[in-house]
1. Looking at L166, is it part of a helix (DSSP H, G or I), over 16 Å from I101 (Cβ atoms), within 18 Å of the chain's Cα centre (by Cα) and touching a residue at least 40 places away in the same chain (Cβ under 8 Å)?
2. Can we say R75 is surrounded by 18 or more Cβ atoms within 10 Å (Cβ to Cβ), part of a loop (DSSP other than H, G, I, E, B) and in contact (Cβ under 8 Å) with a residue 12 or more places away in the chain?
3. Please find, within the range 208-228, the residue that is modelled with the highest pLDDT out of those that are out of contact with any helix residue (DSSP H, G or I) (no Cβ under 6 Å at 6 or more places or on another chain) and hydrophobic (A, V, I, L, M, F, W, C).
4. Determine which single condition V120 fails, assuming it passes every other condition in (1) among the aliphatic types (A, V, I, L, M); (2) open to solvent by 50 Å² or more (accessible area, probe 1.4 Å); (3) not in a strand (DSSP E or B).
5. Just to verify a result, which residue in the range 198-228, among those that are of a type in the set (A, V, I, L, M) and within 15 Å of V99 (Cα to Cα), is surrounded by the fewest Cβ atoms within 10 Å (Cβ to Cβ)?
6. If a residue has to be modelled with pLDDT of 90 or more, hydrophobic (A, V, I, L, M, F, W, C) and not in a loop (DSSP other than H, G, I, E, B) to count, how many in the range 18-47 make the cut?
7. Could you please give the count of residues in the range 168-200 that are closer than 23 Å to L87 by Cα and charged (D, E, K, R)?
8. Hey, can you tell me all the residues within the range 79-95 that are over 18 Å from L111 (Cβ atoms) and loosely packed, with under 15 Cβ neighbours inside 10 Å?
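The values are calculated or read from the model by the stated rules, or taken from the named source; none is laboratory data. Owing to the predicted nature of the structure, the values given are computational and were not obtained by experimental measurement. Counting neighbours? That spans all protein chains shown, and the Cβs are built from the backbone with ideal geometry, glycine included. Areas reflect the complete protein model, heavy atoms only, side chains present, ligands, DNA and RNA absent. Shrake-Rupley method; radii C 1.70, N 1.55, O 1.52, S 1.80 Å.
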Amino acid sequence: FGAELLASLRQCAMADYTGADATVQATNDSSIVSKASAAALGYFQRSEERHVAVRGPKGRLIRRAPLVNRCYYVRHLGMLQMQEAFLQGCISPGEAYNVVILGAGFDTGALRRSWPAGLVAYYEVDFPAVLARKQALLARASVALPPWLRQCGADLRETAEVEKSLRSQGADCSLPTLLLAEVVLAYNEPGEGDALASWAAGCFQHCLFGMYEQLGPHDPFGRFMQRH
């Protein structure tokens with residue numbers, strides 16, 4: 001990217017968010033551009049990210065550098081492995097279960113795979129402003145959403161708010177539950193991330209908490225992300 005294009009993308013993303021958390025919320029828009037880029041090159045078998053990604057000149061999908069595409073593919077595989085660990089090791093075939101995505105952003109992982117029988121609900125938790133934009137963009141693209149997909153607006157730093165939002169959408173915390181946080185806790189203070197994990201362990205009777213975060217800031221991708 002040139003500096004002007006990057007600045008334009010950030011301004012476009014920031015325009016829809018307000019308040020002290022606007023900068024953090026806007027990182028979602030940059031991430032989804034990278035996922036859409038990787039998906040357009042065939043790294044994902046199915047992806048609806050193209051419907052929600054910020055577009056470049058003339059409305060075209062923005063193509064990321066090869067290093068970014070490969071690293072987002074690795075990120076995709078990491079999340080997939082955690083899903084499989086839960087589905088194959090934590091529940092029996094056909095057993096009822098839930099999936100909770102903490103800091104879901106514009107990710108469309110709910111639609112990227114076929115979920116085995118037993119899925120009761122798939123909860124996406126994020127700032128209300130982020131989820132409202134996502135829902136509007138998917139509706140504009142006429143993307144059909146499954147009835148088990150639920151959106152829960154909440155600030156992850158406020159665990160009571162998170163739980164209240166989940167329960168308002170019918171979450172049964174006694175069911176086996178997969179909780180995933182994909183490059184989310186890095187945007188929280190250490191104590192806030194600890195509090196979220198502690199809350200999850202106390203709220204859900206049977207759960208697997210999967211977290212994907214960036215480590216190794218001194219390798220090529222780490223240096224790229226620090227500049228970003």
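1. Here the answer is no, as L166 does not meet what is asked.
2. In short, no.
3. Checked the range 208-228; the qualifying residue modelled with the highest pLDDT is M211.
4. The number of the failed condition is (3).
5. Filtering first and then ranking leaves A201.
6. 6
7. Result for the range 168-200: 2.
8. Q81, A85, Q88, G89, S92, P93, G94, E95
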